[in-house]
1. Pairs, please: C-beta under 9 Å, at least 6 apart or cross-chain, first residue free of Cβ contacts under 8 Å to residues at least 12 places away in the same chain and in segment 12-37, second basic (Lys, Arg)?
2. Among (1) surrounded by 19 or more Cβ atoms within 10 Å (Cβ to Cβ); (2) farther than 30 Å from ALA17 by Cα; (3) among the polar types (S, T, N, Q), which single condition is ASN74 missing?
3. Any idea which of GLN45, GLN67 is among the polar types (S, T, N, Q) and in contact (Cβ under 8 Å) with a residue 24 or more places away in the chain?
4. Would you pick out the residues in segment 1-33 that are closer than 14 Å to LEU124 by Cα, part of a helix (DSSP H, G or I) and open to solvent by 60 Å² or more (accessible area, probe 1.4 Å)?
5. Which helices (runs of 4 or more DSSP H) does segment 34-131 wholly contain that include 2 or more residues that are aromatic (Phe, Trp, Tyr)?
6. In segment 80-101, which residues are open to solvent by 40 Å² or more (accessible area, probe 1.4 Å), free of Cβ contacts under 8 Å to residues at least 40 places away in the same chain and within 12 Å of ILE128 (Cβ to Cβ)?
7. Answer yes or no as to whether ARG5 is touching an Asp or Glu at 6+ places or on another chain (Cβ under 9 Å) and among the basic types (Lys, Arg).
8. Can you pull out the residues in segment 34-48 that are among the aliphatic types (A, V, I, L, M), surrounded by 17 or more Cβ atoms within 10 Å (Cβ to Cβ) and more than 19 Å from LEU141 (Cβ to Cβ)?
Amino acid sequence: MSKLRLSYPKLSPAAYAGLIQCKTALESSSLDIMLIELVYLRVSQINGCAFCLEMHSTSLRHHGVTQNKLDALNGWQVSERFTEKERAALLWTDAVSQISAKNTNDDIYQQVKAYFSDTEMSDLTLAIGLMNAFNRIAVSLRQ
């Protein structure tokens, strides 16, 4: 990893604390922590954030996710290692993270919404947005 360009947690402590508060709130949501971590890892794959890839894959292994499943994540669309609910979350993750290319049209939304309550859908979308923010900061400032 490259040398940190700016110590953003120290330079923008209130803003950074807000991101951490959001992460903490999502960990207390009704979404399973392993699902959240899987989404975080997928977002980090899309954005190429090496720091986050290591952090979230380590967390998932710690929670008992097999290396084979982690290896298959980049090809989740054709892998049989993911549950239908995980596949729905990953579909939404890809659509939200690549919104200009994938779009979050009503068809995709309805496919995903079949697996999540309104609150879970909101939390899932916030988790995806949060990790995209963390990735963009870490990649830009070289975490």
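The values are calculated or read from the model by the stated rules, or taken from the named source; none is laboratory data. Everything quoted here is computed from the prediction, not taken from an experiment. Cβ atoms come from the backbone with ideal geometry, glycine included; neighbour counts cover every protein chain shown. Keep in mind that these areas ignore ligands, DNA and RNA; they rest on the heavy atoms of the full protein, side chains included. Shrake-Rupley method; radii C 1.70, N 1.55, O 1.52, S 1.80 Å.
1. Hits for this filter: TYR16/LYS10; ASP32/LYS85.
2. ASN74 satisfies every listed condition except (1).
3. On the way: GLN67 fails: in contact (Cβ under 8 Å) with a residue 24 or more places away in the chain.
Exactly one residue qualifies, and that residue is GLN45.
4. The first filter runs over segment 1-33 and keeps only residues closer than 14 Å to LEU124 by Cα, leaving 22-33.
Filter again for part of a helix (DSSP H, G or I), leaving 22-27, 33.
Listed by number, the residues that qualify are THR24, ALA25, GLU27.
5. Numbers: elements: 50-62, 67-72, 84-97, 99-102, 106-113.
In segment 34-131, no matching helices (runs of 4 or more DSSP H) lie anywhere.
6. Step one: list which residues in segment 80-101 are open to solvent by 40 Å² or more (accessible area, probe 1.4 Å), which gives 80-81, 83-85, 87, 91, 98-101.
After this cut, where a residue has to be free of Cβ contacts under 8 Å to residues at least 40 places away in the same chain as well, the list is 80-81, 83-84, 87, 91, 99-101.
Scanning segment 80-101 gives LEU91, ILE99.
7. On the way: touching an Asp or Glu at 6+ places or on another chain (Cβ under 9 Å): no; among the basic types (Lys, Arg): yes.
Criteria not met by ARG5.
8. LEU35, ILE36, LEU38, VAL39, LEU41
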